Amino acid sequence: MTPTRRSLIAATLAAPAVLRFGLGSAQAATTLKLSHQFPGGTIDEGDFRDRMCRKFAKMVGERSKGALDVQVYPGSSLMKTNAQFGAMRKGALDMSLYPSPYAGGEVPELNIGLMPALVTSYAQAVAWKAAPVGRKLSEILDAKGIVLVSWVWQAGGVASRERALVSPADAKGMKVRGGSREMDMMMKEAGAATLSIPSNESYAAMQTGACDAVITSSTSLISFRLEELSKALTSGRERSYWFMLEPIMMSKIVFSGLPKEQQDLIMAVGTELEAFGQAGAKEDDTRVEEIFSKAGAKVVQVDEKSLGQWRDLARNTAWKDYAAKNANCAELLKLAEQVA
């Protein structure tokens, strides 16, 4: 391949909202690239987050009568996981289904999307979007160049190489992947050492012994095959101190460049798919128990006493630290606590 040819292909891959002209057609189709870190499958099989993206692409294509062509890139195949948020803000990536706290370094307010023991049920999580906390978070992201297209929340559990991690007392001496700065603060207070890695690097960390326990969504526990390395699973099915906001986001630069009817279509499809996303998350809370149990792992639940202990730790560490970051963080936390 010649350097010129190679450069042309690279430029095409990096370009957002590429115009694709059909033969004999006077109309242009706008191509939107939707990236995510999770394993790829089909529209009917595999990680529900990949399936949700594929359903989004299909529905948008059909309803726009081909004017919008959404291409899905799973497994961080288009760009590395941590680069996706910044790329959207610059307009270099169109869309991503992205774990919100991964962007906490750029936009600290987003760490509320995985604030330990703040959200403890799906009903509470789903209520955020229409509540003042959801509207405030959307406004903050809009000002940072990000449009929230589809809200998805996931409960999480703990895969452990040896002993189960249920209460704070269990964490002492363990090396734990928590998934956010705030989750790590709570774990450190409980006596654990922590490491900060995307969930798609969890298998290698457990395999090498760099990590004793991984806290992540039920779906990621399944998709990244952590049952192969685990002797215990703390399930998030009954109750959990780990709920993550993992929405489909879109570059505001790209979104603003679309006609109003296409903007409305994208937001409508995003809203419609939220029910699919929440159903998929709940199904995996049950399925992960079956998969780990079949692999020989001991499956345990978090009881109310342990959940209360985690909440007390979180309130005195992570919540306090987050509220002190800036006025927006303080307001978001206050508004979130109002959602029962």
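Numbers at a glance
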item	result
For the chain, calculated [θ]222 nm from helices alone, where every DSSP H run of n ≥ 4 adds -39500 (n - 2.57)	-12000 deg cm²/dmol
Between region 131-173 and region 275-340, the alpha-carbon center distance in angstrom	7
The chain: angle of helix 132-143 to the longest principal axis, Cα-based, in degrees nearest 10	50
Ranked packing of 261-268, 178-185, 196-203, 94-101, most packed first, by mean Cβ within 10 Å	94-101, 178-185, 196-203, 261-268
Pairs beyond 20 Å (Cα-Cα), from Lys136/Lys325; Lys65/Lys252; Lys172/Lys231; Lys282/Lys320; Lys90/Lys144; Lys90/Lys320	Lys65/Lys252; Lys282/Lys320; Lys90/Lys320
Cα centre as origin, Lys/Arg/Asp/Glu Cβ charges: region 28-335 dipole, Debye	420
Counting DSSP beta bridges with both ends in region 28-335, the antiparallel % (nearest 5)	55
Most positive-pole-ward Cα, Leu114, Ala57, Ser160, against dipole of region 28-335 from beta carbon charges	Leu114
Cα gyration tensor category, rounded, prolate or oblate, for region 57-100 with a/c compared to 1.5	prolate
List Thr317, Thr286, ordered by accessible area with a 1.4 Å probe, largest first	Thr286, Thr317
In region 19-126, the trypsin sites (Lys or Arg not before Pro) that fall in loop regions by DSSP, at most 13 other Cβ within 10 Å	Lys65, Lys80
Over region 72-161, equivalent-ellipsoid semi-axes from the Cα gyration tensor in Å	22, 19, 12
Which of Ala210, Met88, Ser306, positive extreme of dipole for the chain (C-beta unit charges)	Met88
Cα long-axis angle, helix 48-63 against the chain (0 to 90 degrees, to the nearest 10)	20
Rounded to 10°, Cα long-axis angle of helix 274-294 versus longest principal axis of the chain	50
Mean Cβ count within 10 Å, highest first, over the residues of peptides 106-112, 126-132	106-112, 126-132
Estimated translational D of the chain in µm²/s (Stokes, Kirkwood radius over Cα pairs; 25 °C; 0.890 mPa s)	119
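The values are calculated or read from the model by the stated rules, or taken from the named source; none is laboratory data. Remember, predicted model here, so these are calculated numbers, not experimental data. For neighbour counting, all protein chains shown are included, and Cβ atoms are generated from backbone atoms with ideal geometry for every residue, glycine included. The accessibility values were calculated without ligands, DNA or RNA, using every heavy atom of the protein model including side chains. Shrake-Rupley method; radii C 1.70, N 1.55, O 1.52, S 1.80 Å.
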